[in-house]
Amino acid sequence: MNNGASATSPHNSFQTYFLDIHEVLPEDEEEEEGVIKMEDNKVTSSKKGLQKPIKLRELKRPQRSFNRQVSLETGFSVLGVESKAKDEKKVLRRSGRSFGGFDSANRVGAEARKGDFNIFRTKSTLSKQNSLLPTRKEKEMETQRAEGATGLNEPVNKSVPVGRYFDALRGPELDQVKDSEDILLPKDEIWPFLLRFPINCFGICLGLSSQAVLWRALSTSPATKFLHVTPFINLFLWLLALATLISVSITYLLKCIHYFEAVKREYFHPVRVNFFFAPWVVCMFLAIGLPPMLEPAKLHPAIWCAFMGPYFFLELKIYGQWLSGGKRRLCKVANPSSHLSVVGNFVGAILASKVGWIEAAKFLWSIGFAHYIVVFVTLYQRLPTSEALPKELHPVYSMFIAAPSAASIAWGSIYSEFDGCSRTCFFIALFLYISLVVRINFFTGFRFSVAWWSYTFPMTTASVATIKYAEQVPSVLSKGLALCLSFMSSTMVSVLFVSTLLHALFWKTLFPNDLAIAITKKRLVKEKKPFKKAYDIKRWTKQALTKNNSGDKEFNGENKVV
């Protein structure tokens with residue numbers, strides 16, 4: 001009876017049960033549920049007066065496990081989402097973009113697509129663009145990205161600011177990525193051949209075509225008649241230069257068709273934009289150095305129009321940027337390769353005089369000489385904003401002798417006499433040439449690249465100018481100087497030709513990954529929290545002390561009232 005009374009008494013019917021609530025691991029959830037059910041059964045059996053069991057609040061709450069991974073290359077961290085299994089982990093990509101999957105190709109939760117070079121392909125159809133859209137699963141994963149990654153997924157086809165190239169790249173040709181930068185394409189993979197084929201390859205055509213002009217002068221000039229140079233050397237070099245130009249042009253045309261986005265990046269590159277003038281300069285060199293056995297009585301003016309027309313429209317664009325004073329003004333983008341955009345005016349003047357258009361030749365000579373003075377002064381002064389001038393010792397400075405040499409030849413071709421103006425330009429080029437030769441350190445500590453070919457035609461142009469000077473002033477000194485410079489130029493071209501064949505056929509290192517076109521539009525770095533300055537810390541401590549003092553006064557006042 002006592003037991004029954006105690007069981008039905010109102011004081012004992014509502015008993016308090018204390019449960020140990022602790023964090024439930026995913027693996028122990030099933031065991032915890034079993035224990036709770038057994039305790040619930042015991043409670044309902046001991047309470048006979050109550051028909052319904054007491055419902056406990058659900059202890060299971062969704063527990064999110066946050067996995068944090070830090071990239072060893074960049075220091076970016078990624079917050080992962082809840083994993084399905086215990087052993088499932090996300091691994092940071094080790095392609096070119098190691099920013100924790102904050103890019104469009106490597107998303108968090110998505111599998112890494114190895115060798116994804118579609119971002120530089122020509123965007124021609126809507127299907128290609130739709131194939132790059134994220135799936136539903138990827139969209140869910142993207143919602144959990146950090147807010148700091150909002151600016152990283154910008155379209156690749158937008159033009160990169162010119163200052164970004166100077167910030168992210170280094171080297172004489174701005175073709176090496178700095179250690180603090182990352183790129184859009186994987187570094188540990190071999191890229192497609194067309195992506196690795198730079199426009200600098202037209203420098204090979206420049207070197208060979210200018211050699212054809214040199215050996216034509218050596219075989220036809222009365223100043224070098226004592227050498228008895230056969231004209232077949234000129235024919236061989238001309239055919240070799242023509243074959244090289246055709247092969248390089250076809251290859252780069254294929255790059256324009258398949259990877260037009262990469263071509264656009266080369267056009268906005270402050271150094272490589274000048275190599276877009278090179279194909280037309282090569283064509284004019286081939287027309288000037290045409291072998292005598294193949295040369296007609298007089299070149300047709302249409303040849304000059306076909307080669308000089310594209311060059312003229314391109315220089316209108318470039319010179320307009322220099323003059324307008326925008327972000328691509330001359331003091332910002334000036335570099336030794338800028339002479340390529342000036343030399344073509346003098347070469348075009350030589351060709352115009354050969355076809356009989358003397359006034360057009362004078363017009364081009366005036367344009368070229370005016371812009372040569374501006375470029376020469378800008379580079380010679382070493383303005384602080386002219387960041388393109390490299391610190392490394394490199395024969396890139398040989399570009400300084402190209403324009404005055406070509407100007408002297410053009411003036412002599414226009415007026416049919418190597419007069420005072422021609423000699424003035426020739427002496428300027430000769431002094432710059434000597435100032436480079438005496439500094440042997442300028443030619444040490446470098447690595448071979450295709451861009452070296454563009455530095456051979458200034459030496460060749462200076463040699464041709466020396467031959468023209470020896471014709472006007474025949475002497476042992478002038479003839480010996482012409483022979484010496486011609487020998488140095490031909491030796492340089494021969495060494496580069498052999499080195500190119502070795503790197504292309506045997507060592508397979510002629511075309512490495514072109515990292516310069518894969519830089520990001522903005523620098524992808526983790527923003528650092530600004531440090532509090534000393535006066536900020538003092539002000540913060542002063543405010544904290546005043547608050548504490550006011551709190552103590554209020555507390556003491558309450559005690560007094562009480």
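The values are calculated or read from the model by the stated rules, or taken from the named source; none is laboratory data. Every value quoted in this text rests on a predicted model; they were computed, and no experiment measured them. Cβ placement follows ideal geometry from the backbone for every residue including glycine, while neighbour counts extend to all protein chains displayed. Side chains are part of the model used for accessible areas, which takes the heavy atoms of the whole protein and leaves out ligands, DNA and RNA. Shrake-Rupley method; radii C 1.70, N 1.55, O 1.52, S 1.80 Å.
Observations, loosely collected:
- A count restricted to the range 179-221 and to residues that are over 24 Å from Tyr259 (Cβ atoms) and of a type in the set (D, E, K, R) stands at 2.
- Options Ser463, Ser478: the member that is farther than 17 Å from Gln211 by Cα and open to solvent by less than 10 Å² (accessible area, probe 1.4 Å): Ser478
- Being of a type outside the set (D, E, K, R) and closer than 20 Å to Pro310 by Cα holds for only one residue in Thr244, Thr251, Thr220, and it is Thr251.
- Hey, Pro404 touching a helix residue (DSSP H, G or I) at 6+ places or on another chain (Cβ under 9 Å), at pLDDT below 95 and open to solvent by less than 30 Å² (accessible area, probe 1.4 Å) or not: no
- Selection of the range 300-339 for residues being crowded, with 19+ Cβ neighbours inside 10 Å, of a type in the set (S, T, N, Q) and part of a helix (DSSP H, G or I) yields Ser337, Ser338.
- Check on Ala297, among the hydrophobic types (A, V, I, L, M, F, W, C) and in a loop (DSSP other than H, G, I, E, B): yes
- Phe226 more than 15 Å from the chain's Cα centre (by Cα), surrounded by 20 or more Cβ atoms within 10 Å (Cβ to Cβ) and aromatic (Phe, Trp, Tyr): no
- Among the residues of the range 171-186, the ones that are farther than 16 Å from Asn200 by Cα and touching a residue at least 24 places away in the same chain (Cβ under 8 Å) come to 8 in all.
- Considering residues of the range 170-192 that are touching a Phe, Trp or Tyr at 6+ places or on another chain (Cβ under 7 Å) and more than 21 Å from Tyr397 (Cβ to Cβ) only, the residue surrounded by the fewest Cβ atoms within 10 Å (Cβ to Cβ): Pro192
- Among residues of the range 338-353 that are more than 12 Å from Ser405 (Cα to Cα) and polar (S, T, N, Q), those with a beta-carbon under 6 Å from a residue that is part of a helix (DSSP H, G or I) and open to solvent by 10 Å² or more (accessible area, probe 1.4 Å) at least six positions away or on a different chain give the pairs Asn345/Ile367; Ser353/Ser413; Ser353/Ile414.
To keep it simple, each residue is scored yes or no on (1) crowded, with 19+ Cβ neighbours inside 10 Å; (2) among the polar types (S, T, N, Q); (3) in contact (Cβ under 8 Å) with a residue 24 or more places away in the chain; (4) not in a helix (DSSP H, G or I).
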{"position": "Cys201", "(1), (2), (3), (4)": "yes, no, yes, no"}
{"position": "Arg216", "(1), (2), (3), (4)": "yes, no, yes, no"}
{"position": "Phe232", "(1), (2), (3), (4)": "no, no, no, no"}
{"position": "Phe236", "(1), (2), (3), (4)": "no, no, no, no"}
{"position": "Leu240", "(1), (2), (3), (4)": "no, no, yes, no"}
{"position": "Ser249", "(1), (2), (3), (4)": "no, yes, yes, no"}
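- Scan of the range 251-277 for residues that are in a helix (DSSP H, G or I) and over 19 Å from Ser341 (Cα atoms), ordered by number: Thr251, Tyr252, Leu253, Leu254, Lys255, Cys256, Ile257, His258, Phe260, Glu261, Ala262
- Test: residue in the range 152-169 that is within 21 Å of Leu515 (Cβ to Cβ), modelled with pLDDT under 50 and open to solvent by 60 Å² or more (accessible area, probe 1.4 Å): yes
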